[in-house]
1. List the lysines whose Cα sits under 19 Å from the Cα of LYS550, skipping any in the same chain fewer than 8 residues away.
2. Could you sort 77-88, 106-117, 124-135 so that the peptide with the highest average Cβ count within 10 Å comes first and the rest follow in order?
3. Round to a whole number: what % of the accessible area of the chain belongs to carbon and sulfur, probe 1.4 Å?
4. Over the chain, what relative contact order in percent results from Cα pairs under 8 Å that are six or more residues apart?
5. Given a 1.4 angstrom probe, what's the average accessible area per residue across the stretch 190-328, in square angstrom?
6. Only four residue types carry charge here, +1 at the Cβ of Lys and Arg and -1 at the Cβ of Asp and Glu. Report the dipole size of the chain about the Cα centre in Debye, rounded to the nearest 20.
7. If you add up the charges near VAL539, with Lys and Arg at +1 and Asp and Glu at -1, over every other residue whose beta carbon is less than 12 angstrom from its beta carbon, what do you get?
8. Please give every one of the lysines within straight-line cross-link reach of LYS484, meaning a C-alpha to C-alpha distance under 17 Å, and leave out same-chain neighbours fewer than 8 residues apart.
Amino acid sequence: MCGIVGYVGKQDACPFLLTGLRRLEYRGYDSAGIATLGESGNLYLARSVGRIESLAEQIAGSPMPGVIGIGHTRWATHGAATPENAHPHLGGTGAVAVVHNGVIENYQALKEMLIEKGYCFQSATDTEVIAHLIADNLKRILESPVNAGTRSGTASEGRNAVYVEAVRASLPSLRGTYGLVVMFRDRPDLLIAARCGSPLVLGVGRGEQFIASDTSPLVGHTDRIIYLADHQLAVISKDSIQVVHRDQGRIRPEVRVLESRDQEVDCEGYAHYMLKEIYEQPTSLRNAMRGRLDRENATAKFGGLNLTPSQLRSVNRIILTACGTSWHSALVGEYLIEEFARLPVEVEYASELRYRNPPVDHDTLIFGITQSGETADTLAALREMKRKGHHTLAICNVVGSSIAQEADGGVYLHAGPEIGVASTKAFTSQLSVLAMLALYFGRLRYLSYEAGQRIIDNLEALPDAVERSLECDSVTRRIADKYKDATNFLYLGRHYNFPTALEGALKLKEISYIHAEGYPAAEMKHGPIALVDEHTPSVFILSRSHVYDKVMSNLQEVKARGGPVIAIVDQRDKRLDTLVDDVIEIPHVEDFLQPVVAAIPLQLLAYHIAIARGCDVDKPRNLAKSVTVE
Ligand code: AGP
């Protein structure tokens, strides 16, 4: 979702800004723009709808000089995707340029107040309000007798103070979330960044400084970074960065090292990031489990939960909260933890939990599950649980993300960067971490030493099973060609494979735009079976387990109504020859790990159908990689 870049230094800003925006493309966007400030004090602005390439073409035709600039990829919230609504937005007839991530909830009231004061709005966005508000405060401060002549004063810090004050004075009026960067027409060596709920990272250079909404644009430019925290404001010029906290005043920011795992990633010969990430799963699973399986004690170990075993033993309930694919992992987690640890688990949509105010006992542990660590709803739900005094833990992929920083502890997935908007390897890594947590909680309670050993055997064998599961790629492609024109799909499974069915349906709809529903297979009789006809394929996940025959009966019910059936199976069963139209074979694993192995053909099926339909799988329409607005 929306991306931000900023540069102030000694080189042309435009190349960094454009490359940075390209690296942020994976977050999802529908328009983009850049503003630079030339030596003459001219403000250059380019904005366009669609891909960064069309912005780059516009700039190639009409160059944008300047050693200072800001850029943005926009995912429309307020107002359609048009050049006028794209950022940067200008305030006060071009005195101020602003890029903004987040949502200003009270923008309408602010807009009316500013229109009354004579400001003209060019866009339908909430962001333009920020630009005019800062311009208005700047005008007020500059016109006050104390500051007369400040614009042409000598000491740079003193001159900047007025501009810093204009931003600082504007922020309390904003209700909602923001990560924003401000550039002033009269200050060719000053950018001001401010954060409340939307991430910003500063890249510390020599004689140049960088700003971005995540670390990807900074790679290759600097390895020293500062994560801006909520209510902090950064005053950035080419030779310095000062950070000021709303309540604590000027603070010394922690400068961290940009980890090598954050280095730039490319497709490495695969046609798309999504396909590469699907194929990376044997490795990402090994990385998730590395050093965490304790064979001697028949358990798992985690360094970052920040709770002692005895504190963990006194936990009597767990809440798993997440969104989208991570929510599907949570559903599997519920089955795992309840089965291994006999601990009651509740799975909550983070977007609901944050406003629901359920009764939560004090010995309840809260886990937020998130690939990006930036999902606004998950962050808000965890914050609310924290306010109520609960220990919050994150199962997260992105090191240093907002959720990773704010949670009281957690477990990293170590899956490596996931660029494709459709989550694949993060999902299976989340499942393996949840299985290890279930083992850990189980061993603190009722799980025997032998049972713990067996779980470890199965977990250790999992990456090889996933490797073999990937062999279904060509069969899946053939099946995708056959069904690519379907307009509805059903995904059905039971027990551990009920969440797998939900995930299969989500994968298909988000990248191929085909309507798909996932259901517990038996639930189908209570409504969805009405959808079954010869044009509606049903994908059954039919792994060997205690519900195998039950799912087989559900499959027959679909077949009896003329619906085409695609079965994902881990054993040959003669009955399938007459009942099933297409079969995808996967290796057999214990039922608690079936969602991991079955996820592979589901991901590949969605991928190949999307490709066959000519869809942009890595950047599907309307979607964003990290959903930083609620
Ligand atoms: C997954 O394919 C989706 N793009 C989406 O549902 C995603 O899982 C969801 O937005 C949650 O993201 P998170 O894991 O980064 O919190």
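The values are calculated or read from the model by the stated rules, or taken from the named source; none is laboratory data. If you're wondering where the values come from, they're calculated on a predicted model, not measured in any experiment. Note: ideal-geometry Cβ built from the backbone for every residue, glycine included; neighbour counts use all protein chains shown. Keep in mind that these areas ignore ligands, DNA and RNA; they rest on the heavy atoms of the full protein, side chains included. Shrake-Rupley method; radii C 1.70, N 1.55, O 1.52, S 1.80 Å.
1. Partners within reach: LYS525, LYS559, LYS574.
2. Numbers: 77-88: 19.4, 106-117: 14.7, 124-135: 26.7.
The packing order, highest mean first, is 124-135, 77-88, 106-117.
3. The C+S portion of the solvent-accessible surface of the chain is 49 percent.
4. Working: 1436 pairs, mean separation 76.4, N = 630.
Over the chain, the number comes to 12 percent.
5. Computed with neighbouring chains in place, this is 43 Å² per residue.
6. Result for the chain is approximately 980 debye, rounded to the nearest 20.
7. The answer is -3.
8. LYS507, LYS509
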